[in-house]
């Protein structure tokens, strides 16, 4: 089963690879990607979603097509959407959403 840490590492690697091909690589600060966080918060949004925080920016995206529900990540948003479309990412996120349901049921 995937973990949020696995997905954070996957997103960090993906963004770093995408940015390394950029024409402005000298101006890219890769250290800001060391603190990427991905989580889900059912208290804020009932719709299946995931939240991404990169540095001080935060965006909330639907698991159904990665549409933005709230916030924004600036130019990195396109990279998050591109990462979401990779094989297996959506399934891992949905698996984590489902495991949150299982944990909630066990607590009752």
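Descriptive notes on the structure:
- Within the stretch 23-53, the residues that satisfy the criterion of being more than 21 Å from residue 8 (Cα to Cα) and either at pLDDT below 85 or not in a loop (DSSP other than H, G, I, E, B) (or both) are 23, 24, 25, 26, 27.
- The residues of the stretch 54-82 that are part of a strand (DSSP E or B) and buried (at least 17 other Cβ atoms within 10 Å of the Cβ), listed by number, are 54, 59, 60, 61.
The values are calculated or read from the model by the stated rules, or taken from the named source; none is laboratory data. Just so it is clear, the model here is predicted, and its values are computed rather than measured. For neighbour counting, all protein chains shown are included, and Cβ atoms are generated from backbone atoms with ideal geometry for every residue, glycine included.
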